[in-house]
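Everything on this sheet refers to the single structure shown next.
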Amino acid sequence: MSESHPTQVLRDEHQWILAVAEALERLLGAPPSAMDFDTVEKCVTFIRLFADACHHGKEEDLLFPVLEEQGMPRDSGPIAVMLHEHRLGREAAAAMRKALPGARDGDEDDRLRLVHAGRSYIDLIRGHIGKEDHVLFNMADQMVSGETRVRLCAAYDETCSHAFEGCTKAQLEALGREIVGHPGR
Ligand SMILES: [Fe+2]
């Protein structure tokens, strides 16, 4: 179903991403011998497929181009900052993914790389979502209306109907629910 607000679906997705970031922070704070690598791996999958492919995909391919149509520059200002932070997030997620197998096998350097990359991601994504929710999205809500809003919301629905490496958005939300550990959130 289309959202009536041009950024509502994205704001709702932010809540999932923040909840998984909080869970990841707890997981990474466990003593080395007690680290739950299986759930950390689920967090990395969620970050790659939900936070990046599904969510950042909608921002980069749908919302930001509409804001550009409305006169917001791409190479400077808020959009440029958001795109740069998306790239940093992808790098942190890739670093976590790379370090996971070694860390799971007991390599202490890889475990430290995993924890470092994970904490970098958590700090980044909290600040990033704060900027979007409180600055960029408020600007977008002022700028996008009428037919453009209807078209944008329909395009969100279309993207959300895709599978991401074989996972539907509903399956990824179920993964998020499993990670956070609060069924029925
Ligand atoms: Fe976002």
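Every read-out reported here was derived from the displayed coordinates using simple, explicitly stated rules and does not represent laboratory data. The shown structure was predicted, so the numbers you read here are calculated from the model rather than taken from an experiment. Ideal geometry is used to build each Cβ from the backbone, glycine not excepted, and the neighbour counts take in all protein chains shown.
Can you show me the helix-derived [θ] at 222 nm for the chain, built from DSSP H runs with n ≥ 4 at -39,500 (n - 2.57) apiece and divided by the number of residues, rounded to the nearest 500.
Details: 8 runs with 123 residues, N = 185.
The helix-only estimate for the chain comes to -22000 deg cm²/dmol at 222 nm.
Mind checking which lysines have their Cα closer than 19 Å to the Cα of residue 131? Skip sequence neighbours fewer than 8 apart in that chain.
58
How large is log10 I(q)/I(0) at q = 0.09, 0.13, 0.17, 0.18 Å⁻¹ when the Debye formula is applied to the Cα atoms of the chain, each weighted equally and without solvent?
Each listed q corresponds, in turn, to -0.34, -0.68, -1.07, -1.17.
Using the alpha-carbon centroid of each, what span in Å lies between the range 4-51 and the range 63-80?
Centre-to-centre (Cα) distance: 27 Å.
Report the local net charge at residue 14: Lys and Arg +1, Asp and Glu -1, summed over other residues whose C-beta lies under 9 Å from its C-beta.
Working: positive: 11; negative: 12, 13, 132, 133.
Charge balance in the 9 Å sphere: -3.
Picking from 52, 109, 157, which is most flexible by a Gaussian network model of the chain using Cα springs under 10 Å?
109
Using Cα pairs under 8 angstrom and six or more residues apart, how large is the relative contact order of the chain, in percent?
Contact order relative to length: 38 percent.
Which chymotrypsin sites (Phe, Trp or Tyr not before Pro) in the range 31-79 pass both tests, a DSSP loop state and at most 16 other beta-carbon atoms within 10 Å? Walk me through the numbers on the way to the answer.
Numbers: sites: 37, 46, 50; in loops: none.
The qualifying sites: there are none.
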